[in-house]
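The values are calculated or read from the model by the stated rules, or taken from the named source; none is laboratory data. Just so you know, these numbers come straight off a predicted model, no measurement behind them. Here the Cβ positions follow ideal geometry from the backbone for every residue, glycine too, while neighbour counts run over all protein chains shown. When the accessible area is computed, the model is the full protein with side chains, heavy atoms only, and any ligands, DNA or RNA have been set aside. Shrake-Rupley method; radii C 1.70, N 1.55, O 1.52, S 1.80 Å.
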Amino acid sequence: MNGALEGVRIIDVSRVLAGPFCSMILGDLGADVIKIEHHESGDETRGWGPPFAEGESAYYLCANRNKQSMTLNLKSEEGKEIFRKLVASGDIVIQNFKTGTLGKLGLGYEDLKEINPKLIMASITGFGLTGPYKDLPGYDYIIQAMSGLMSITGEKNGSPVKVGVAIADILTGLYTCIGILSALHHRDKLGEGQEIDISLMDCQVSSLVNVASNYLFSGLTPERMGNQHPNIVPYQTFGTRDGELVVAVGNDDQFRRFSTVIGRPDLAEQEQFKHNEKRLQNKEQLIPIIEDLLRGKTKKEWKRLFDDAGIPNGPINDIAEMFEDPQIIARGMLVSMEHPTIEDLKVTGSPLNLSKTPVTMRKHPPLYGEHTDSILAEIGYSPDQISKFKENKII
């Protein structure tokens with residue numbers, strides 16, 4: 001079966017995570033992705049390790065499958081001309097240079113749309129193409145700090161803590177995918193391309209959802225709450241006989257069942273705990289009662305009881321435990337791929353399950369410049385020209 005985006009060509013000049021993560025998703029969906037890398041150093045993440053596997057960093061391998069890699073010197077006139085040829089036959093450019101960098105090279109959106117009026121360019125920056133911070137570099141860690149995310153992450157009396165993955169990059173990659181797919185739909189209707197201005201800061205602020213809304217409605221600055229929820233009780237981690245378990249009681253009916261399972265059905269009848277609003281107001285009384293009761297069984301025993309009663313819950317797995325979980329295995333979230341140098345390359349699967357156009361793992365994360373020659377030949381360059389490009393450090 002053909003991928004949903006078969007026939008769509010993406011020229012990806014982004015590096016690190018947000019852009020490459022976006023183009024990998026589009027590649028999973030069938031797009032032809034050409035990853036343009038610096039002719040001398042390549043994507044920075046190739047060197048971000050250990051761990052490495054046969055010289056390839058785990059970081060690079062996590063976000064670059066289903067792509068071809070070619071090297072190119074975009075500061076040279078020959079390199080710019082090669083890039084323009086690629087754009088002329090392409091559909092989408094994804095770039096995350098600092099604001100204005102491609103424009104200074106004569107390769108900005110306004111320049112490239114003269115070559116290809118249907119071109120869609122996704123421009124990813126730290127803070128956007130406008131505003132007082134538009135020229136500042138943007139890194140995930142900095143964005144987590146400035147967006148307010150770190151101020152609400154961590155224990156109540158502890159220091160602010162960043163999320164364990166580069167969440168601003170990941171969210172930006174996802175939002176960029178949404179923007180690109182929307183722009184493709186618009187182009188199908190009206191035949192015109194457009195530029196997508198998307199920033200890590202905007203994406204992270206958008207993801208604050210109910211926490212931002214709580215502030216806007218109450219005027220109270222949200223604080224760190226550790227593993228507790230600002231609006232729902234009980235909705236947090238609890239210690240058991242052999243480890244920690246998350247319990248997420250989302251409504252009053254679930255709380256009645258929860259109270260019965262833990263052996264205290266009377267809790268759901270007490271006025272101070274009967275409704276979520278009251279439980280939130282009186283959580284300092286309720287939580288210690290629950291903590292004492294849950295220490296009486298193992299997390300596996302509680303999980304079975306809560307599952308049977310329809311109460312959302314889950315043990316806190318480490319990464320090794322997660323990959324051994326039968327649900328993860330059944331859903332294909334651990335995938336083995338063939339690779340020219342790495343034996344049995346394992347990558348995370350895709351969460352996108354389309355019944356008519358399923359995602360495919362067609363291409364291993366490419367070696368540095370692996371497809372340079374074949375791509376150049378495809379767009380009309382001869383072996384002699386390609387050799388001269390190499391001699392002159394164009395590729």
Note to self: C-alpha centroids of segment 27-89 and segment 339-372 sit apart, in Å, by 14
FRET efficiency for residue 192 and residue 348, using Cβ-Cβ distance with R0 set to 35 Å, rounded to 0.05: 0.45
Rounded to a whole %, the carbon-and-sulfur portion of the accessible area of segment 19-95 at a 1.4 Å probe is 53
Rounded to the nearest 10, the angle in degrees between the Cα long axis of helix 252-261 and the longest principal axis of the Cα atoms of the chain comes to 60
Using the alpha-carbon centroid of each, what span in Å lies between segment 147-213 and segment 301-316? 32
List the trypsin sites (Lys or Arg not before Pro) in segment 291-333 that DSSP assigns to loop (not H, G, I, E or B) and whose Cβ has at most 16 other Cβ atoms within 10 Å. Which are they? 295, 331
Per residue, how large is the accessible surface of segment 1-159? Use a 1.4 angstrom probe and give square angstrom. 42
What is the percent carbon and sulfur in the accessible area of segment 303-345, measuring with a 1.4 Å probe over the protein chains and ignoring ligands? 54
Estimated FRET transfer efficiency (residue 242, residue 44; beta-carbon r; R0 51 Å; 0.05): 0.75
Quick one: compute the contact order of segment 236-388, relative version, from alpha carbon pairs under 8 angstrom and 6+ residues apart, as a percent. 19
Give the cross-link partners of residue 390 among the lysines, using a straight C-alpha distance below 19 Å as the criterion and excluding same-chain residues fewer than 8 apart. 35, 75, 80, 85
How many times 2.2 N^0.38 Å is the alpha carbon radius of gyration of segment 157-249? 1.54
Around residue 179, what is the net charge, scoring Lys/Arg as +1 and Asp/Glu as -1 over all other residues with Cβ under 12 Å from its Cβ? -3
Per residue solvent-accessible surface (Å²) - segment 228-304, probe of 1.4 Å: 53
For segment 1-139, report the translational diffusion coefficient in µm²/s to the nearest whole number, using Stokes-Einstein at 37 °C, 0.692 mPa s, and a Kirkwood Rh over Cα pairs. 210
Which value, in Å², gives the accessible area per residue of segment 343-389 when a 1.4 Å probe is used on the protein heavy atoms? 58
Once normalised by the length of the chain, the mean sequence separation of its alpha carbon contacts under 8 Å that are 6 or more apart gives a contact order in percent of 19
Tell me the angle of helix 18-28 to the major Cα principal axis of the chain, expressed in degrees between 0 and 90 and rounded to the nearest ten. 80
Is it possible to state the helix-based mean residue ellipticity at 222 nm for the chain, with each DSSP H run of 4+ residues giving -39500 (n - 2.57), the sum divided by total residues, to the nearest 500 deg cm²/dmol? What is it? -10500 deg cm²/dmol
Quote the FRET efficiency, to the nearest 0.05, computed for residue 325 versus residue 210 with a Förster distance R0 of 22 Å and r equal to the Cβ-Cβ distance. 0.20
Using a 10 Å Cβ count of at most 15 others and DSSP loop calls, identify the longest part of the chain lacking such GluC sites (Glu not before Pro). 55-154
Two pseudo-spin positions, 7 Å from Cα along C-beta at residue 289 and at residue 178, lie apart in nanometres by 4.0
List the relative contact order of segment 1-144 as a percent without decimals, with contacts defined as Cα pairs under 8 Å and 6+ residues apart. 23
Can you give the accessible area of residue 181, probe radius 1.4 Å, in Å² rounded to 10? 70
Please express the Cα-Cα pair-distance distribution P(r) of segment 203-322 as a list of whole percents, one per 10 Å bin, running from 0 to the bin with the greatest distance. 12, 42, 30, 15, 1
Expressed as a percent, the accessible surface of segment 133-271 that is carbon or sulfur, using a 1.4 Å probe and the full set of protein chains, is 56
Mind pulling the angle between the C-alpha long axis of helix 167-190 and the longest principal axis of the chain? Nearest 10 degrees, somewhere in 0 to 90. 60
Would you mind computing, in nm to one decimal, how far apart the modelled labels at residue 101 and residue 229 are, each placed 7 Å from Cα along Cα→Cβ? 4.2
